[in-house]
Amino acid sequence: YGQITGNFDAQGWSLGFLQWPLGQGTAQKLIQRIQTIDPKGFEALMGEAKAAELLDVCRAQKATAVSWANIRSVGLSRRLVSPEWAKPLEKLLTSPAGIQAQREMAQPYMTDARNDAKFYGIETVRGLALCFDIAVQNGQGKAGKNGRPDVAKAFGDRGGHALDYRRKLRALAEAVATTCNPRWSADVRGRKMLIVDGKGRFRGADVDLETRYGLSDAVLLA
């Protein structure tokens, strides 16, 4: 919940467990929702001056918000947020209001993921994780029953619904990777295949989702 990333991607700060960015306007919604849930706690955790400044940024144009965040980003490629902002922001994001707001904002993605997992016949923890990641990274409505035609075709060209469970996961991951922006195709494929395989090397690090997070093929409860 307390993850904070600086302006390494020209999106300003990205906040929370789904990394909502200022550049897309979603970090602003998250911040404003936290303030609505607990206005007194918001000011107490951020401090009066920073609370007012942050809310002003949320009301500004997205480009203005990104520029503001860029000045307050530090480190290699501006990947980090300056400590004077990072510390209170982490406290805010991990507060009860911060957790509630993030869960609320994540719910539409989870609804999509459950519907898509059912549509593809991959209603397991792993299948749900893959569909959730597609909705988050690649956009809601990209895959599934009412998804984009190019994804449906790419999935069908690889065997589609006739495939067994494991091959279906791989076909869906490939279909999404091959129909996204070519600039990000390799990254999308690596991220999706990490979920499909459960472990592997991604962005220069060895990752084991099964051991660390309990990713499995257990069937989802209704």
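The values are calculated or read from the model by the stated rules, or taken from the named source; none is laboratory data. Please read these numbers as outputs of a predicted model, since none were measured by experiment. Here the Cβ positions follow ideal geometry from the backbone for every residue, glycine too, while neighbour counts run over all protein chains shown. Surface areas here come from the heavy atoms of the whole protein model, side chains and all, with no ligands, DNA or RNA. Shrake-Rupley method; radii C 1.70, N 1.55, O 1.52, S 1.80 Å.
The table below lists the values:
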{"quantity": "Considering residues of the range 150-168 that are within 23 Å of the chain's Cα centre (by Cα) and surrounded by fewer than 18 Cβ atoms within 10 Å (Cβ to Cβ) only, the residue nearest to ASP197 (Cα to Cα)", "calculated": "ALA152"}
{"quantity": "Residue in the range 11-18 that is within 28 Å of ALA129 (Cβ to Cβ) and among the aromatic types (Phe, Trp, Tyr) present", "calculated": "yes"}
{"quantity": "One residue from ALA171, ALA143 being closer than 25 Å to GLN107 by Cβ and surrounded by 18 or more Cβ atoms within 10 Å (Cβ to Cβ)", "calculated": "ALA143"}
{"quantity": "Residue count for the range 174-196, restricted to those that are open to solvent by 40 Å² or more (accessible area, probe 1.4 Å), part of a helix (DSSP H, G or I) and of a type outside the set (D, E, K, R)", "calculated": "4"}
{"quantity": "Residue check, GLN19 closer than 27 Å to GLN107 by Cα, open to solvent by 70 Å² or more (accessible area, probe 1.4 Å) and not aromatic (Phe, Trp, Tyr)", "calculated": "no"}
{"quantity": "Enumeration of residues in the range 197-222 that are surrounded by 13 or more Cβ atoms within 10 Å (Cβ to Cβ), among the hydrophobic types (A, V, I, L, M, F, W, C) and within 22 Å of GLY121 (Cβ to Cβ)", "calculated": "LEU209, LEU215, LEU220"}
{"quantity": "In the range 119-141, the residues that are within 15 Å of GLU210 (Cβ to Cβ) and either of a type in the set (Val, Ile, Thr) or modelled with pLDDT under 95 (or both)", "calculated": "THR124, VAL125"}
{"quantity": "Residue tally, condition touching a residue at least 60 places away in the same chain (Cβ under 8 Å), within 14 Å of THR26 (Cα to Cα) and open to solvent by 10 Å² or more (accessible area, probe 1.4 Å), over the range 82-105", "calculated": "2"}
{"quantity": "Qualifying positions in the range 26-81 - in contact with a helix residue (DSSP H, G or I) (Cβ under 7 Å, 6 or more places away or on another chain), surrounded by 15 or more Cβ atoms within 10 Å (Cβ to Cβ) and of a type in the set (Gly, Ala, Ser)", "calculated": "GLY41, ALA51, ALA65, ALA69"}
{"quantity": "Of all residues in the range 109-135 being in contact (Cβ under 8 Å) with a residue 60 or more places away in the chain and closer than 15 Å to ALA177 by Cβ, the one that is nearest to the chain's Cα centre (by Cα)", "calculated": "ASP133"}
{"quantity": "Tabulated pairs, the range 200-219, first closer than 15 Å to LEU130 by Cβ, second part of a helix (DSSP H, G or I) and charged (D, E, K, R), C-beta under 8 angstrom, 6+ apart or interchain", "calculated": "PHE202/ARG191; LEU215/ARG126; SER216/ARG126; SER216/GLU210; ASP217/ARG126"}
{"quantity": "Filter pass, PHE119 being touching a helix residue (DSSP H, G or I) at 6+ places or on another chain (Cβ under 8 Å), hydrophobic (A, V, I, L, M, F, W, C), assigned to a helix (DSSP H, G or I) and open to solvent by 30 Å² or more (accessible area, probe 1.4 Å)", "calculated": "no"}
